[in-house]
1. Which of the residues spanning the range 183-219 are of a type in the set (Gly, Ala, Ser), more than 15 Å from Gly277 (Cα to Cα), touching a residue at least 24 places away in the same chain (Cβ under 8 Å) and surrounded by fewer than 17 Cβ atoms within 10 Å (Cβ to Cβ)?
2. Of the residues that sit in the range 215-242 and are at pLDDT 95 or above and polar (S, T, N, Q), which one is farthest from the chain's Cα centre (by Cα)?
3. Being within 9 Å of the chain's Cα centre (by Cα) and hydrophobic (A, V, I, L, M, F, W, C) is the filter here; which residues of the range 105-122 pass it?
4. Among (1) assigned to a loop (DSSP other than H, G, I, E, B); (2) closer than 18 Å to Arg104 by Cβ; (3) of a type in the set (A, V, I, L, M), there is one condition Val265 misses while meeting the rest; what is its number?
5. Here's a check for you: in the range 82-93, which residue that is in contact with a Gly (Cβ under 9 Å, 6 or more places away or on another chain) and of a type outside the set (A, V, I, L, M, F, W, C) is farthest from Arg249 (Cα to Cα)?
6. What single numbered condition from (1) surrounded by fewer than 21 Cβ atoms within 10 Å (Cβ to Cβ); (2) farther than 30 Å from Asp285 by Cα; (3) hydrophobic (A, V, I, L, M, F, W, C) fails to hold for Phe250?
7. Identify, please: which residue in the range 117-133 is in contact with a Lys or Arg (Cβ under 9 Å, 6 or more places away or on another chain) and touching a residue at least 12 places away in the same chain (Cβ under 8 Å) and is, among those, nearest to Gly331 (Cα to Cα)?
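The values are calculated or read from the model by the stated rules, or taken from the named source; none is laboratory data. Not measured: the values here are computed from a predicted model. Glycine gets a Cβ as well: all are built from the backbone with ideal geometry, and neighbour counts include every protein chain shown.
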Amino acid sequence: MSKQLTKIGLAWFGTVGIGAVSVGVLVAACYNPPDKNTQTTTDQDVAAGKCAATPGGFPSPNCDNSDNLCEQTGCTTIPEATCGSTSTCMPLSNNTGKSTIDLRIRKLNVVAPPPLADNIIRSTVLNPNIDLNEPQCTEKGAGSFNWLFRVERTAGTDTGKLETGGAPPSPDPRGKGFCFYNHKAGDIQVNSAKADVTFTGDTFTSGAIEKLNVPIFLRGDVKNVIILPLSDVIIQNVTLSENNNCVGRFDLKALDESCGEDPSVCTKWKTAAALGGYITLEEADKVDVVDLTQSLCVLLTKADGGSDAKGIKRCPRDADNKLNLNDAQKGDYCSNPKGPGGCRDSFWLTATFAASAVTINDGAGVVECNP
C-alpha cells in the first residue's frame with residue numbers, strides 16, 4: 001500500500017506541478033510509514049547522525065537521514081560556468097568580499113512535525129518546489145518556494161543583523177535574483193522579518209523572530225499561496241563557507257550517470273544550519289489550502305469540523321468559537337506559556353537547511369514585493 005500511495009503522490013505532482021503541496025500533505029495525513037525518513041528516529045539513529053528533535057529543540061545542523069553511501073561518480077555533464085561550482089554549493093551569485101551576505105535555501109530538511117517531515121512531502125513538495133527550473137544543473141523544479149536570508153555582520157564585532165522571508169518566483173534567478181515578498185495573501189500580511197545575530201567564528205545564531213509568515217506559491221501562481229505561519233523563529237548554528245557563498249555544500253558523488261539522486265542512499269545537499277519555531281493551530285486554521293479545500297489546521301491535526309461558506313474545511317470549534325480538538329488531534333507545543341506539551345495549542349516545526357549565494361533585489365517593478 002505504501003508504494004501505491006507514493007506513486008499516487010508523484011503522479012499527481014507530475015500532472016499539476018506544485019499543486020502537489022496539497023496532495024502531498026493529504027497523503028502524509030493518511031500515511032506515515034515507519035521508515036528512516038519519518039519521525040521514528042531512535043536513540044541509535046541520533047548517535048549515528050540521523051535527524052531528530054523534541055518539541056522546542058533543534059536537530060544537529062548537519063544531520064543526515066540517508067545511508068550516506070556517496071560513491072557515485074557518473075554525473076559529468078553539469079556546466080559549472082552556468083550552474084556554479086559543484087565542489088561548493090552551485091551558488092547563484094557571489095558574496096565574496098561583500099559586507100551584505102545574501103542567501104537562498106537550496107535544501108530544507110523538515111524534521112518536525114511528523115505530517116510535514118514525511119518522506120512523501122520531501123519528494124513531492126519541498127524538493128521539487130525549492131529546486132529551480134534548471135535541468136542542466138540537476139534541478140527540475142518550479143522555483144516556487146524561495147526562502148531568503150540577508151546577513152550583515154557589524155565590522156570588528158561578533159554581532160550583526162538578519163533579514164529573512166519568502167520571495168515570489170523569479171524569471172531570472174541567476175541574474176536579477178529575488179525580492180522579499182511584501183504583500184497580503186488573503187487576510188494575512190506577509191513580509192520579511194529582522195533579528196539580531198551573534199557570531200562564533202563563521203557560525204551565527206539569531207535571536208527569536210516573533211512572527212514570520214513564509215509563502216509557498218502553488219503551481220508558480222503568485223495569487224495562489226500557502227502560508228507557513230511561524231512564531232518565535234530562531235535560525236541556529238548557521239555555518240558560512242570561507243567566501244560566504246555557501247551554507248552546507250553540494251555533493252556530486254550523490255548523483256548517478258543520469259545525474260539523478262536517490263536521497264535514501266546519499267543526498268546531494270549537505271546541510272549546515274537549523275531553524276525552529278512553532279505554528280499555532282488557531283493561525284493554521286486561517287491558512288487555506290485551496291487545492292484541497294482544507295485549512296492547514298485540518299492537514300496538521302486530521303480534525304474536520306465541517307466546511308465554511310467558501311467550502312474550506314476548518315478545525316472543529318465549540319460554542320465560544322474556540323478550537324475543540326481531542327487529545328489525539330492537539331499539537332505538541334504550547335504558545336502561552338511557551339514550551340513543549342502544556343496547552344498543546346501549537347506544533348513545533350524544526351528543520352535543517354543548505355543555502356547558497358543569490359542576488360536579493362529591491363523589488364522595483366514587482367507588485368508582490370511592494371506593500
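1. Gly186
2. By that ranking, first place goes to Ser241.
3. Once the filter is applied, which keeps residues that are within 9 Å of the chain's Cα centre (by Cα) and hydrophobic (A, V, I, L, M, F, W, C), the range 105-122 yields Ile105, Leu108, Val110.
4. (2)
5. Taking the candidates together, the pick is Ser93.
6. All conditions are met except number (1).
7. Of everything passing the filter in the range 117-133, Asn119 is nearest to Gly331 (Cα to Cα).
So that you can scan it fast, the table gives a plain yes or no per residue for (1) surrounded by 15 or more Cβ atoms within 10 Å (Cβ to Cβ); (2) assigned to a loop (DSSP other than H, G, I, E, B); (3) hydrophobic (A, V, I, L, M, F, W, C); (4) out of contact with any Cys (no Cβ under 8 Å at 6 or more places or on another chain):
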| position | (1), (2), (3), (4) |
| --- | --- |
| Cys297 | yes, no, yes, no |
| Asp320 | no, yes, no, yes |
| Ala328 | no, yes, yes, yes |
| Cys334 | yes, no, yes, no |
| Leu349 | yes, no, yes, yes |
| Phe353 | yes, no, yes, yes |
